[in-house]
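Structure record follows, encoded as structure tokens.
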Amino acid sequence: MNKYNEIAIKCDRCSESHSYNIPQKDIDSGLTLNLACLNIKRLLRVSSFRIDFTKNAPFTKSEDRERISTFYGVHDVENKINRKNEINQPKLWLVYDFDQYFEEIINSYIIGSFYPVATSCTTLAERLVNLFIIKMRDLYDQSLLDAQLKKYVHSRNQNLQSFESNMKVLRAWNLLTPNQGSWFKNLLDIRNRAVHFQSAFDPQPDSLKAVQILHKIIDSYFSPFERKDVLRVFEIPGEIWVKEEKLKVKT
């Protein structure tokens, strides 16, 4: 059986005394021992995020025209520039697969494919809700949900397609503010107008509104600037850290 020796030192880092149990065999072997301060905490730093501030870039009109023509073609370029300017908002997001899909939606709007934009904005919003439920359902006490919602959440791996149930789940988990609930509902209304052949559907205005609403939803969940309740943003230049009090240590 290994014997241990207790070593007590006064820490140069925190000025407190720490005790360490070191195997006698390691002491006898002459190993160099690195004794870390016991008060050091391992915090989480966001290592992957996407920054897009092209809206603030000082392009001349001719440079902008050249860029749009290169990426989206020379046909109807002025209208493409106008549509790009309608939706070109700064983005700072934690990276997940929704980022790629949102860019595809943006490109579709700029080239004038309004119906695909209107419908894909609504489906991407539903995908986000599915992501939240599937990734976080084991983190919340099941007693937060009634029997019907508990079965809805925990009896399937996909196909969480009920809008009302999805909203109830997010609300029970405190993941849905009144504004977010309103935005999801507005996207559902656009989807219904588009999919169910309602005469009220107006492709370009509705697709523009859908993009703008979807951007608000993504910002509200994934923008570090909007989530300063959880994140410490650029307090150290170029770095984003999770606030210590938001970390739940599992024992």
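The values are calculated or read from the model by the stated rules, or taken from the named source; none is laboratory data. What you are looking at is a predicted structure, and each value in this text was computed from that prediction instead of being measured. Here Cβ is always computed from backbone atoms with ideal geometry, including for glycine, and neighbour counts include all displayed protein chains. These area figures cover heavy atoms from the full protein model, side chains too; ligands, DNA and RNA do not enter into them. Shrake-Rupley method; radii C 1.70, N 1.55, O 1.52, S 1.80 Å.
Quickly run through region 143-173 and pick out the residues that are among the charged types (D, E, K, R) and either over 26 Å from T122 (Cβ atoms) or open to solvent by less than 20 Å² (accessible area, probe 1.4 Å) (or both). Before you say what the answer is, go through the steps one by one.
Step one: list which residues in region 143-173 are among the charged types (D, E, K, R), which gives 146, 150-151, 156, 164, 168, 171.
Across region 143-173, the qualifying residues are D146, K150.
Any chance region 100-108 includes a residue that's closer than 27 Å to A125 by Cβ and among the hydroxyl-bearing types (S, T, Y)? Steps first, answer last, please.
Filtering region 100-108 for residues closer than 27 Å to A125 by Cβ gives 100-108.
Now narrow it down to the ones that are among the hydroxyl-bearing types (S, T, Y): 101, 108.
Within region 100-108 (the criterion being closer than 27 Å to A125 by Cβ and among the hydroxyl-bearing types (S, T, Y)), the answer is yes, since at least one residue qualifies.
Filtering region 175-217 down to residues that are more than 25 Å from K91 (Cα to Cα) and aromatic (F, W, Y), which residue is most open to solvent (accessible area, probe 1.4 Å)?
F197
If a residue has to be over 20 Å from L131 (Cα atoms), free of Cβ contacts under 8 Å to residues at least 24 places away in the same chain, part of a loop (DSSP other than H, G, I, E, B) and under 18 Å from the mean Cα position of the chain (by Cα) to count, how many in region 216-237 make the cut? Show your work before the answer.
The initial filter retains those residues of region 216-237 that are over 20 Å from L131 (Cα atoms), namely 225, 228-229, 231-237.
Now restrict to residues that are free of Cβ contacts under 8 Å to residues at least 24 places away in the same chain: 228-229, 232-237.
Remaining after also requiring part of a loop (DSSP other than H, G, I, E, B): 228-229, 234-237.
Keeping just the survivors that are under 18 Å from the mean Cα position of the chain (by Cα) gives 228-229, 234.
Here the count works out to 3.
With the checklist (1) part of a helix (DSSP H, G or I); (2) touching a strand residue (DSSP E or B) at 6+ places or on another chain (Cβ under 7 Å) in hand, flag the one item W93 doesn't pass.
Evaluating W93 over (1) part of a helix (DSSP H, G or I); (2) touching a strand residue (DSSP E or B) at 6+ places or on another chain (Cβ under 7 Å) leaves (1) as the failure.
Starting from region 195-215, keep only residues that are more than 13 Å from R83 (Cβ to Cβ), then list their pairs with residues that are assigned to a helix (DSSP H, G or I) and among the basic types (K, R) whose Cβ atoms are within a distance under 7 Å, requiring at least 6 positions of separation or different chains.
Pairs found: A200/R193; F201/R193; D206/R193.
Being free of Cβ contacts under 8 Å to residues at least 60 places away in the same chain, in contact with an Asp or Glu (Cβ under 8 Å, 6 or more places away or on another chain) and outside any loop (DSSP other than H, G, I, E, B) narrows it down to one of N166, N186, N179, so name that one.
Values: N186 fails: in contact with an Asp or Glu (Cβ under 8 Å, 6 or more places away or on another chain); N179 fails: in contact with an Asp or Glu (Cβ under 8 Å, 6 or more places away or on another chain).
From the options N166, N186, N179, the qualifying one is N166.
Just one of Y115, Y109, Y101, Y140 is among the aromatic types (F, W, Y), surrounded by 14 or more Cβ atoms within 10 Å (Cβ to Cβ), without any contact (Cβ under 8 Å) to a residue 60 or more places away in the chain and assigned to a helix (DSSP H, G or I); which is it?
Values: Y115 fails: without any contact (Cβ under 8 Å) to a residue 60 or more places away in the chain; Y109 fails: without any contact (Cβ under 8 Å) to a residue 60 or more places away in the chain; Y140 fails: assigned to a helix (DSSP H, G or I).
Just one listed residue meets the conditions, Y101.
Where the second residue is open to solvent by less than 50 Å² (accessible area, probe 1.4 Å) and the first is touching a residue at least 24 places away in the same chain (Cβ under 8 Å) and lies in region 1-26, which pairs have Cβ atoms under 8 Å and are six or more apart or on separate chains?
From residues that are touching a residue at least 24 places away in the same chain (Cβ under 8 Å), the pairs are I7/Y20; I7/I22; I9/H18; I9/Y20; C11/H18; C11/C37; R13/C37; C14/C37.
Give the residues of region 118-128 that are β-branched (V, I, T) and surrounded by fewer than 21 Cβ atoms within 10 Å (Cβ to Cβ), sorted by residue number.
To start, the set of residues in region 118-128 that are β-branched (V, I, T) comprises 119, 122-123.
Of everything in region 118-128, those that are β-branched (V, I, T) and surrounded by fewer than 21 Cβ atoms within 10 Å (Cβ to Cβ) turn out to be T119, T123.
Got a sec? Which of S29, S19, S47 is small (G, A, S), over 17 Å from V117 (Cβ atoms) and open to solvent by 90 Å² or more (accessible area, probe 1.4 Å)? Full working, then the answer.
Numbers: S29 fails: open to solvent by 90 Å² or more (accessible area, probe 1.4 Å); S19 fails: open to solvent by 90 Å² or more (accessible area, probe 1.4 Å).
Selected residue: S47, the only one of S29, S19, S47 that is small (G, A, S), over 17 Å from V117 (Cβ atoms) and open to solvent by 90 Å² or more (accessible area, probe 1.4 Å).
Right, I240: open to solvent by less than 50 Å² (accessible area, probe 1.4 Å), within 26 Å of S108 (Cβ to Cβ) and either among the hydrophobic types (A, V, I, L, M, F, W, C) or without any contact (Cβ under 8 Å) to a residue 12 or more places away in the chain (or both) or not?
Numbers: open to solvent by less than 50 Å² (accessible area, probe 1.4 Å): yes; within 26 Å of S108 (Cβ to Cβ): no; either among the hydrophobic types (A, V, I, L, M, F, W, C) or without any contact (Cβ under 8 Å) to a residue 12 or more places away in the chain (or both): yes.
No; evaluated as a whole, the condition is false for this residue.
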